[in-house]
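Worksheet: the structure to be examined is printed underneath.
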Amino acid sequence: MSNGRALTATRNSGPASTSVVKDFLALIKIGIVNSNLVTTFTGMWLAFQFTSRHFLQELDVILFTMLGAALIIGGSGAMNNFIDQDIDPIMKRTKGRPTVTGRFKPNFVLTIALSFLIVGEILLFAASFAAGMWGLVGIFAYVVLYSMWSKRKHVSNTVVGSISGAIPPVIGFAAVEPTLGPGALALFLIMFAWQPPHFYALAMKRTEEYRAANIPMLPVVKGFKRTKYSMLFWILLLLPLPFLLPELGVGFLILATALNLGWLILAFKGFTTKDDMKWANKMFIYSLNHMTILFVSIIIFALFS
């Protein structure tokens, strides 16, 4: 549940010119919603393939799961905006959020957040009891463990936040196969390991903003060199995880390994780079492409496995 973009006003007009629709999409962090829906669908699709069930016969499950997941992710994003009203004005990346500009009042934001969370959970429980329960786990991990607790207090906040980001594929899998299985665990671990180097790259780019907001991100507390070692560690941890999905075949394992090795090589280059910001930006962009290609390939290879 990460990777939202703050809205900025145009050159010749103030924040009030930003459309209500765009402000609303920023409030629910539509970028995070979209990326997490990809992993949710991947988990559901994998479960369909592993259980030899046909998705056309369970379109209601797909609808309940995808809409429910979208609502709890969007609701959690809105809740995060509500919680971070005091620090968002400090950071360039977040100072254009509607909770900062005043477009949406706090009570409205809280109402939207709670409504999305409640309706989303009802839909997930309609898909399966397990999907609803995992949805609650994801909400608790993002809103309480990350937003309310670790984000402002602990340098491990990124790792804690990775728990919630790894839950969506589990929700999707559980909607089809409530008992889960090795496939659900593999997706969880892949997403969990992918997130720290992704967000550390972003944190390096925004180090001074996080410092001004008194957020103990790893680059702020430990410096860039320590952050680079941590990114390297998580990418190394990611390397063997695709092999937890042998059912997808050799082609998938080769592609996933190539993606991971490419990221690993780029991570090593960080120790010799003369421009940390340029390198961090490359790491961030690579991580986005890595996740997109990996999860789309899982869907494709699962279809033919």
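The values are calculated or read from the model by the stated rules, or taken from the named source; none is laboratory data. Bear in mind that the values here come from a model prediction, so they are computed numbers and not experimental data. Using ideal geometry, Cβ is built from the backbone for each residue, glycine included, and neighbour counts are taken over all protein chains shown. All accessible areas refer to the heavy atoms of the entire protein, side chains included, with ligands and DNA or RNA removed. Shrake-Rupley method; radii C 1.70, N 1.55, O 1.52, S 1.80 Å.
Taken together, the residues in region 37-55 that are assigned to a helix (DSSP H, G or I), open to solvent by 10 Å² or more (accessible area, probe 1.4 Å) and either of a type in the set (S, T, N, Q) or at pLDDT 95 or above (or both) amount to 5.
Pairing residues of region 49-77 that are farther than 30 Å from VAL109 by Cβ with residues that are open to solvent by less than 50 Å² (accessible area, probe 1.4 Å) and of a type outside the set (Asp, Glu), at Cβ distances under 6 Å and at least 6 apart in sequence or on separate chains, gives GLN49/ALA302; PHE50/GLY183; PHE55/PHE48; VAL61/ALA127; VAL61/ALA175.
Inclusion of VAL160 among residues that are free of Cβ contacts under 8 Å to residues at least 60 places away in the same chain and either surrounded by fewer than 19 Cβ atoms within 10 Å (Cβ to Cβ) or not charged (D, E, K, R) (or both) is warranted. Checking VAL155, VAL119, VAL143, VAL137 one by one, the residue that is at pLDDT 95 or above, surrounded by fewer than 19 Cβ atoms within 10 Å (Cβ to Cβ), closer than 23 Å to ARG206 by Cβ and of a type in the set (A, V, I, L, M) is VAL155 and no other.
Can you tell me which condition LEU189 does not meet? The list is (1) more than 19 Å from the chain's Cα centre (by Cα); (2) aliphatic (A, V, I, L, M); (3) surrounded by fewer than 21 Cβ atoms within 10 Å (Cβ to Cβ), and all the others hold. Against the list (1) more than 19 Å from the chain's Cα centre (by Cα); (2) aliphatic (A, V, I, L, M); (3) surrounded by fewer than 21 Cβ atoms within 10 Å (Cβ to Cβ), LEU189 comes up short only on (1). Scanning region 202-216 for any residue that is assigned to a helix (DSSP H, G or I), among the polar types (S, T, N, Q), buried (at least 19 other Cβ atoms within 10 Å of the Cβ) and within 17 Å of the chain's Cα centre (by Cα) turns up nothing. Residues considered: LYS274, LYS282, LYS278. Of these, the only one that is more than 19 Å from LEU237 (Cβ to Cβ), among the charged types (D, E, K, R) and outside any helix (DSSP H, G or I) is LYS274. Filtered by the rule that a residue be small (Gly, Ala, Ser) and open to solvent by 20 Å² or more (accessible area, probe 1.4 Å), region 232-257 gives GLY249, GLY251. Could you give me the residue pairs with C-beta distances under 7 Å whose first residue belongs to region 97-110 and is in contact (Cβ under 8 Å) with a residue 12 or more places away in the chain, whose second residue is assigned to a loop (DSSP other than H, G, I, E, B) and aromatic (Phe, Trp, Tyr) wherever it lies, and which are 6+ apart or on separate chains? As it stands, the answer is PRO98/PHE104, since those pairs meet every condition given.
Among residues of region 162-186 being assigned to a helix (DSSP H, G or I) and β-branched (Val, Ile, Thr), the one that is farthest from the chain's Cα centre (by Cα) is VAL176. Among the residues of region 221-233, is any under 25 Å from GLY43 (Cα atoms), small (Gly, Ala, Ser) and part of a helix (DSSP H, G or I)? No, region 221-233 contains no residue that is under 25 Å from GLY43 (Cα atoms), small (Gly, Ala, Ser) and part of a helix (DSSP H, G or I). Would you check if there is a residue in region 68-76 being open to solvent by 50 Å² or more (accessible area, probe 1.4 Å) and either more than 21 Å from VAL160 (Cβ to Cβ) or of a type outside the set (Phe, Trp, Tyr) (or both)? Checked against the condition, which is being open to solvent by 50 Å² or more (accessible area, probe 1.4 Å) and either more than 21 Å from VAL160 (Cβ to Cβ) or of a type outside the set (Phe, Trp, Tyr) (or both), region 68-76 yields no hits at all.
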